[in-house]
Every structure is written in C-alpha cells, then in structure tokens.
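As structure tokens, the structure follows; a few thoughts come after it.
The values are calculated or read from the model by the stated rules, or taken from the named source; none is laboratory data. None of these values were measured; they are calculated from a predicted model. Virtual Cβ from ideal backbone geometry, glycine too; neighbours counted across all protein chains shown. Note: accessible area is taken over every heavy atom of the protein model, side chains too, but ligands, DNA and RNA are not part of it. Shrake-Rupley method; radii C 1.70, N 1.55, O 1.52, S 1.80 Å.
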Amino acid sequence: GTHVAGIASAVTNNSTGIASIGYNCSILPVKVSRDDRRDGDGHPYVVYGFEGIKYAADKGAKVINCSWGGYSSSYFEQEIINYATAKGALVIAAAGNENSNELFYPASYNNVLSVGWLNTVDDTRAYYAFDSGGNYNLMIDVMAPGTNIYSCWPEVSGINYRIASGSSMSAPLVSGLAGLVFTKF
C-alpha cells in the first residue's frame, strides 16, 4: 500500500525521496487485508477489497485505486463497482501480471478503468519468462509504465524506498494522473 500510495501521490518539490504525478493529492488509506491471512511469502491477502471500495466511495473518494485482483467475478462485486461510480468515484484497477488474456477482476468489470503493464524503458507490453508479464485482453483500457518503479516503502533497516514491477505499479500512475485531472477540473 505504501509503495502504491507513493506512486499515486507522493509530495513533490520537497527535496525528499520521490516525486509523484498526482503531487499533493490527498490519500485515503484503506486497509483491505488481515494480518493473519498471508501467502507463503508472507504477503497479505486482499480479503476485504470490495468492502474497501464501498468505504472509500462513502467517504467521498474521487479516485479509487485497486492494485489487486483475481480471475473470479460476481454480480455482488459488479454492484459494488456500480455503487462507487454512482457516488462519483472513478475506480482504477490493475489488469494483472500473468501474461494471460483471461479477464482479471476488478479490472474487467464494467465502469472500471483497467490499466495494463508496460515496460518503462520502451513502452512495450511487459513480458518475462515463466508466464510473467502484463495481462492482455479486450477489457484493458489503457497501458502505463510499471517496470522497476521506485517508490516509498515502510522503513526496514533504514530503507524507505524500493523498486517494484507489475500492473500494480501501472495503476497508481494512472490514478495519480486522474487525481491531478480532478484537482484541475
């Protein structure tokens, strides 16, 4: 979450760390995981993602970034997206990182701006060995750089920044731009 928030809206022009495209936009952090639900690498599972979307919409968020997802869908989840957009929010979601053309959710729901992963150096769709790379399907709306993105990280042994790659880095770039557009218009 910290890495994604930094990409979307790190404070700019303060001579510290990184600068963001959505500089000075406000962030409403919403925890959608549980500390006791983690994968084999210790990463938390997103177990309350759609509840988080509803919460953010109810709090008046203009842009809701979803740097998470999976391959199953439901009418309930589509209704949550419809609810958020009816309240004036733009829901932006990462399109996935398995080099797949399968629909990935929430990115593939109606009323979601779906963001695919581009290589940062040459703006080509990211692709790596072992089925890793940016997903591709007809529901992806825009592509954005997502390879080796440097951003904030919770402090570990004095390290406050890290590099990460994937559509989860592409989506907050688009979210930061959307926040900047909302601020202007």
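Would you tell me the accessible area of F104, worked out with a 1.4 angstrom probe on the heavy atoms of the protein chains, in Å² to the nearest 10?
F104 has an accessible surface of roughly 20 Å² with all protein chains in place.
Translational diffusion coefficient of the chain at 4 °C, 1.567 mPa s, Stokes-Einstein with Kirkwood Rh over Cα pairs, in µm²/s as a whole number. Display every interim value, and only then the final one.
Values: Rh = 16.6 Å.
Estimated via Stokes-Einstein, D reaches 78 µm²/s.
Report, in whole Å, the centroid distance computed from the Cα atoms of segment 125-185 and segment 1-63.
After rounding, the separation between the Cα centres reads 12 Å.
Could you rank Y109, Y161, Y75, Y83 by how accessible they are, 1.4 Å probe, largest area first?
Working: Y109 10, Y161 60, Y75 205, Y83 80 Å².
The most accessible residue leads, giving Y75, Y83, Y161, Y109.
Return the carbon/sulfur percentage of the accessible area of the chain, one whole number, probe 1.4 Å, all protein chains in place. List each step's numbers first, then the result.
Details: 5610 of 10330 Å².
Solvent-exposed carbon and sulfur of the chain make up 54 percent of the total.
Taking only protein heavy atoms and a 1.4 Å probe, what accessible area per residue, in Å², does segment 97-185 have with all protein chains in place?
Numbers: 4860 Å² over 89 residues.
Here the residues of segment 97-185 average 55 Å² of exposed surface.
Working out 0.36 nm times the residue gap between T120 and V156, then minus their Cα-Cα distance, what length gain in nm do you get to one decimal? Before the final figure, lay out the partial values.
Numbers: separation 36, 0.36 × 36 = 12.96 nm, distance 2.61 nm.
Contour length minus the Cα-Cα distance gives 10.3 nm.
What residue among T124, W153, G42 has its Cα farthest toward the positive end of the dipole of the chain, where the charges are +1 on Lys, Arg and -1 on Asp, Glu, each on the Cβ?
Of T124, W153, G42, it is W153.
Calculate I(q)/I(0) for segment 1-91 by the Debye formula, one identical point scatterer on each C-alpha and no solvent, and give its log10 at q = 0.11, 0.12, 0.14, 0.20 Å⁻¹ to two decimals.
-0.38, -0.45, -0.59, -1.03
Which sequence of S26, S9 reflects their accessible areas, 1.4 Å probe, from the largest down? Provide the component values of the computation, followed by the final result.
Working: S26 115, S9 15 Å².
The most accessible residue leads, giving S26, S9.
Compute the convex hull volume of the Cα atoms of segment 51-95, divide it by the residue count, and report the result per residue in Å³ as a whole number.
Numbers: hull volume 2.9 nm³, N = 45.
In segment 51-95, the Cα hull volume divided by residue count equals 64 Å³.
Would you kindly calculate the mean projected area, averaged across all directions, of the convex hull enclosing the Cα atoms of segment 81-179, in square nanometres? Intermediate values should be presented prior to the final figure.
Numbers: hull surface 29.8 nm².
Average projection, Cα convex hull of segment 81-179: 7.4 nm².
What accessible surface, in Å², does a 1.4 Å probe find on T2, ignoring ligands, DNA and RNA and rounding to the nearest 10?
That residue has around 60 Å² of solvent-accessible surface.
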